[in-house]
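One structure is given below, encoded as structure tokens.
The values are calculated or read from the model by the stated rules, or taken from the named source; none is laboratory data. Since the model is a prediction, treat every value here as computed from it, not as a measurement. Counting neighbours? That spans all protein chains shown, and the Cβs are built from the backbone with ideal geometry, glycine included.
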Amino acid sequence: MISHIRGKLVEKYTTHVVVECNGLGYHLPISLQTFTSIGEEENVKLFTYLNIREDAHILYGFATKIEREIFKLLISVSGVGPSTAITMLSSMNTDEIQQAIGSEDVAKIKSVKGIGEKTAQRVIVDLKDKILKTYEISQEIPLSNNTIKNEALTALEVLGFARKRVDKIIQVIIQESPNINLEDLIKKALKNL
């Protein structure tokens with residue numbers, strides 16, 4: 001595998017760069033994250049991932065190792081190809097992706113163009129444990145939110161409200177107020193029902 005490339009930045013676009021190294025110009029697709037972090041330096045170093053397909057060998061470029069590792073994790077999920085992974089890295093930064101996976105935020109992952117409900121769920125199922133172990137994400141906030149969410153859902157279901165409707169309302173409230181306690185969550189949900 002080609003680990004990185006260091007050379008002269010010849011062309012820079014939002015979707016790719018061309019880096020000249022020892023007389024060869026390498027075309028590297030990049031994310032918006034990498035695009036913004038490159039700046040206007042003449043010499044650059046990008047971490048790379050070589051994707052080998054039947055019809056092409058494509059060298060992807062990344063500003064940081066963590067971005068490359070997240071990319072590799074994403075493409076390991078069935079249904080997520082390199083272009084979808086690059087789109088995801090362009091839509092969210094690496095911290096946001098890790099947090100979305102760690103907190104099982106299907107809506108956030110699904111908001112990325114090209115990712116549907118099933119693929120978003122598959123990303124979470126396949127990567128949650130790896131993300132939590134490898135990147136040591138604080139699981140406290142997402143776990144407490146999930147616990148509070150489940151308790152609120154149960155309480156409102158017991159009161160006779162439909163789970164689907166309640167779930168949507170609670171999700172919106174938690175996104176607006178991530179540190180909300182159970183009592184306030186139930187009160188706000190009841191106002192919206």
TODO: Scan region 183-193 for residues that are surrounded by 15 or more Cβ atoms within 10 Å (Cβ to Cβ) and either outside any helix (DSSP H, G or I) or under 28 Å from the mean Cα position of the chain (by Cα) (or both) and jot them down.
DONE: Leu185
Task: Candidates Ile137, Ile141, Ile131 - the one that is hydrophobic (A, V, I, L, M, F, W, C) and modelled with pLDDT of 85 or more - done: Ile131
TODO: Working carefully through the options Lys128, Lys113, find the one that is without any contact (Cβ under 8 Å) to a residue 60 or more places away in the chain and loosely packed, with under 14 Cβ neighbours inside 10 Å.
DONE: Lys113
Task: Residue among Tyr26, Tyr60 that is assigned to a strand (DSSP E or B), in contact (Cβ under 8 Å) with a residue 12 or more places away in the chain and in contact with a Lys or Arg (Cβ under 9 Å, 6 or more places away or on another chain) - done: Tyr60
TODO: Just one of (1) within 30 Å of Lys149 (Cβ to Cβ); (2) modelled with pLDDT of 90 or more; (3) surrounded by 15 or more Cβ atoms within 10 Å (Cβ to Cβ) trips up Phe47, so point out which.
DONE: (1)
Open item on the list: For the condition within 26 Å of Ile131 (Cα to Cα), at pLDDT 95 or above and either more than 15 Å from the chain's Cα centre (by Cα) or of a type outside the set (S, T, N, Q) (or both), what is the one hit in Phe35, Phe62?
Closed with: Phe62
Open item on the list: Yes or no: region 8-25 includes at least one residue that is among the small types (Gly, Ala, Ser) and surrounded by fewer than 16 Cβ atoms within 10 Å (Cβ to Cβ).
Closed with: yes
- [ ] Select from region 94-112 the residues that are among the polar types (S, T, N, Q) and either at pLDDT below 90 or assigned to a helix (DSSP H, G or I) (or both) and list them in ascending order.
- [x] Thr94, Gln98, Gln99, Ser103
TODO: Could you look through region 113-129, keep only residues that are not hydrophobic (A, V, I, L, M, F, W, C) and not in a helix (DSSP H, G or I), and pick out the one that is farthest from Met92 (Cα to Cα)?
DONE: Gly116
